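What follows is a set of notes on a single structure, which appears directly below.
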Amino acid sequence: MFMVGTLIFVALFGGFLASYPGRPNPGALKPLYDGEASEPPSWKHPFGTASVGYDVFSEVVHAAKYTLYVGFVATLITMGLAILVGSVAGYFGRATDDVLMRVAEVFLVFPTLPLILAFTRVYLVAAGTTYWNILGINVPVGLTIVIAILGAFGWAGNARLIRGEFLRVRELDFVKAEKALGADSKRIIFRHVLPNILSPVIVVSTLTVAYAILSEAGISFLGFGDPNAITWGQMMQESFIDIRIAWWTEIFPGLAVLWSVFGFNLLGDGLADALNPRLRE
């Protein structure tokens, strides 16, 4: 909780913590104009400066909001599809279950990363605008496309888990009693079965956040991310060529990814223990 809370705090209040604005604001390159490019960590620049002239600490802080955007929105899409497919397959069973699980298996055996890279490149080239203005907030189009693709290709494994939980809960006495009383399928699924499997859903959601953050970092590091949204993976991709002379430009964004992914994984493990009724006893 502390690690995740720190990430959320930095994402929300990064504008007050960072000494310089984030790119593409020209003020982000002030260290370059001051002759401070490629400087190692110091009191003035805790994470050093890059060869192109930006303050690494400020960029890491500003990139935190994009990390949360990727993690939460991709998880929302992934878990929404997983709950929809898993609940329908697990509750109705038979032919419906067979068809939906065969579709899920197709997504499971696809080489996900090459497909994500191909789709990302196509959509980034085809995108006609850089940002969408939603309620006064500039949302990066390219990063949103990456998120949508991650969610569209990442639901299958979670759907199988939710299906298994539905198969278990639907055979319990209270569900059979509700059916005997004439309740329709919609009421049984959303009022009785789904609330009783929220524990594993919550745990899997936290792990999915970590997977989404790590996946986006990998995609950006390979050069397929959104160049207009400075993420930690994008920073590592830009600085990789200078790693021998400016190691700090690569290490600190990497440590930020490690901190975030490790934090959400630990949170998932902790929730699994806390929400397990057998361990509570």
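A compact table of results
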quantity	calculated
Alpha carbon centroid spacing (whole Å) that separates region 146-175 from region 87-127	13
Estimated 222 nm signal from helices in the chain, with DSSP H stretches of n ≥ 4 weighted -39500 (n - 2.57), rounded to 500	-22000 deg cm²/dmol
Where labels lie 7 Å past Cα in the beta-carbon direction, separation of S51 and Y123 in nm	3.2
The chain, relative contact order in percent, only Cα pairs under 8 angstrom and at least six apart counted	23
Other-chain or far-sequence residues with amide H under 5 Å of A183's (modelled H)	none
Within straight-line cross-link reach of K176, aspartates and glutamates at Cα separation under 13 Å, skipping those fewer than 8 residues along the same chain	D184
Cα pair distances in the chain, grouped into 10 Å bins until the bin that holds the longest one, percent each	6, 24, 29, 21, 12, 6, 2, 0
Cα-based reach from K30 at 21 Å (exclusive), listing lysines while leaving out same-chain residues under 8 positions away	K44
Backbone HN-Hα couplings from phi across region 166-177 [Karplus 6.51/-1.76/1.60, Hz, Gly and Pro as x]	5, 4, 6, 6, 5, 8, 6, 5, 5, 6, 4, 5
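Coordinate-derived values only; no laboratory data. Please read these numbers as outputs of a predicted model, since none were measured by experiment. We place every Cβ from the backbone using ideal geometry, glycine too, and count neighbours over all the protein chains shown.
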